[in-house]
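To start, the structure itself, in C-alpha cells.
The values are calculated or read from the model by the stated rules, or taken from the named source; none is laboratory data. Just so you know, these numbers come straight off a predicted model, no measurement behind them. Here the Cβ is made from the backbone with ideal geometry for all residues, glycine too, and neighbour counts use every protein chain on show. Surface accessibility is based on the protein's heavy atoms, side chains included, excluding ligands, DNA and RNA. Shrake-Rupley method; radii C 1.70, N 1.55, O 1.52, S 1.80 Å.
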Amino acid sequence: MKKIGLTLGGGGARGLCHIEFLKVLDELEIKPSIISGTSMGAIIGAMYASGMNGQEIENILQDIDFKILLKMVDFSFLSRASLIKGKKVEEFLSKHIPVKYFEDLQIPLKIVATDYWKADDVVFDSGKLLPAIRASISIPALFEPVNYNNMILIDGGVTNNLPFDIIRKECDVLIAIDVSGSKSIPDVMKAPTWFDNMMNSYEILQASIVEFQMKISKPDIYIKPQLLDVKILDFEKANMILESVDDDVAQFRKEIHEKLNLSMKIQKISKNLKNKIKDIEELGDFLKK
C-alpha cells in the first residue's frame, strides 16, 4: 500500500472540522503513515496519532461549550506578554491526550512551532508531546510564549500554518486540510475591533505563506472548507462547524477513492514490469548457460 501523509492546519475553532475528515479515513480503514500539524491541527493530530479515532475525538471536543472555555481561561494580568497563561489549556490537553511522548504514538507525528527570536519554524517529532503542542498553539498576544529547550516558542502558524512540506518526502499520497476559512465583506465598511484586527491580520499573513508553499509544491489532495465567518474562538459553534463541511467531506471521499485507486493501478503496473524484467533476466541467464 502507498504511504499516506496527513497534514492538519491551524485555525482555532475552525480546526474542529478536521474530525469529519478523520472519520472518512476511519470509514475507509485508511491509516496515515505520518501526520503533521500546527496549532489546532497539532492537538487533533496528536489525539489521532495516539490511537483515538475520529468519533472519540469528536466526543471530547464537541462538548467544549462556553462554560468549559471559561474554565480554561487563566488570565495573565501581571504579564506583559499575553492575555492568557495557558496552564488550564495544558491541563485539559494532558487529561485528554493519553500519550506523553512522541515515541509512544501509534502514528509518527510532526508538530510545528515558531522560534520567536530566530524567526524560524521548529519541528518537534521526539521527546515530550505536551510542550510541543502547547508551543504550537501559542497565538501571539493571546497565549504566553513557551520557554522550552532554550527557545522562546510561539504559534507554529506564524511560520507554517499548513506544514505539508515537512512530510512531503515521507509519503506517496499527501493530504492537506486547510481550515483557514473565509470572511464575508460587510455592506457597510467599519473598523474591526482590536482583537479582530489582530487575528485577521495574522490570518492574512498565514494565507500568504500557504499560497507561496502551494506554488512550490502542492499536496496530492488539498481540501479547504469555506468556514465562512467562523472566528478562531468560536468553539461553542462546534455542531455548526462540523455540519458545515458536508460537501467538503463528500469531495474528500471522492478524491481519496480516485487517488488511491490510481496509486493501486500504478503499483500493479510497476509490479508487472518488475516481474517481466525478472523473467527476461532469468531467460538471459539460461541462454548464457
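Quickly run through region 170-204 and pick out the residues that are part of a helix (DSSP H, G or I) and touching a helix residue (DSSP H, G or I) at 6+ places or on another chain (Cβ under 8 Å).
Tyr202
Restrict the check to region 157-169 and report whether at least one residue is in contact (Cβ under 8 Å) with a residue 60 or more places away in the chain, open to solvent by 20 Å² or more (accessible area, probe 1.4 Å) and in a helix (DSSP H, G or I).
Yes, because at least one residue in region 157-169 is in contact (Cβ under 8 Å) with a residue 60 or more places away in the chain, open to solvent by 20 Å² or more (accessible area, probe 1.4 Å) and in a helix (DSSP H, G or I).
For every residue, the table says whether it meets (1) open to solvent by less than 50 Å² (accessible area, probe 1.4 Å); (2) in contact with a Ser or Thr (Cβ under 6 Å, 6 or more places away or on another chain); (3) modelled with pLDDT of 95 or more.
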position: Lys3; (1), (2), (3): no, yes, no
position: Pro32; (1), (2), (3): yes, no, yes
position: Ile44; (1), (2), (3): yes, no, yes
position: Ala49; (1), (2), (3): yes, no, yes
position: Asn53; (1), (2), (3): no, no, yes
position: Lys67; (1), (2), (3): no, no, no
position: Val89; (1), (2), (3): yes, no, no
position: Lys110; (1), (2), (3): yes, yes, yes
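Out of the residues in region 211-245 that are in contact (Cβ under 8 Å) with a residue 60 or more places away in the chain and in a helix (DSSP H, G or I), which is farthest from Cys17 (Cα to Cα)?
Glu236
Which pairs do you get when a residue that is β-branched (Val, Ile, Thr), found in region 128-148, comes within reach of a residue that is surrounded by fewer than 21 Cβ atoms within 10 Å (Cβ to Cβ), reach meaning Cβ atoms under 7 angstrom, with the pair 6+ apart or on two chains?
Ile133/Leu93; Val146/Pro131
Could you grab me the full set of residues in region 127-141 that are open to solvent by 30 Å² or more (accessible area, probe 1.4 Å) and over 17 Å from the mean Cα position of the chain (by Cα)?
Lys128, Pro140, Ala141
Does Ile223 satisfy the condition of being in contact with a helix residue (DSSP H, G or I) (Cβ under 6 Å, 6 or more places away or on another chain) and either at pLDDT below 90 or not aromatic (Phe, Trp, Tyr) (or both)?
yes
When the residues of region 226-242 are filtered to those that are open to solvent by 60 Å² or more (accessible area, probe 1.4 Å) and of a type in the set (A, V, I, L, M, F, W, C), which remaining residue is modelled with the lowest pLDDT?
Looking at the filtered set, the residue picked out is Leu233.
Restricted to region 12-30, and to residues that are at negative phi and in a loop (DSSP other than H, G, I, E, B), which residue is most open to solvent (accessible area, probe 1.4 Å)?
Going through the qualifying residues, I end up with Leu28.
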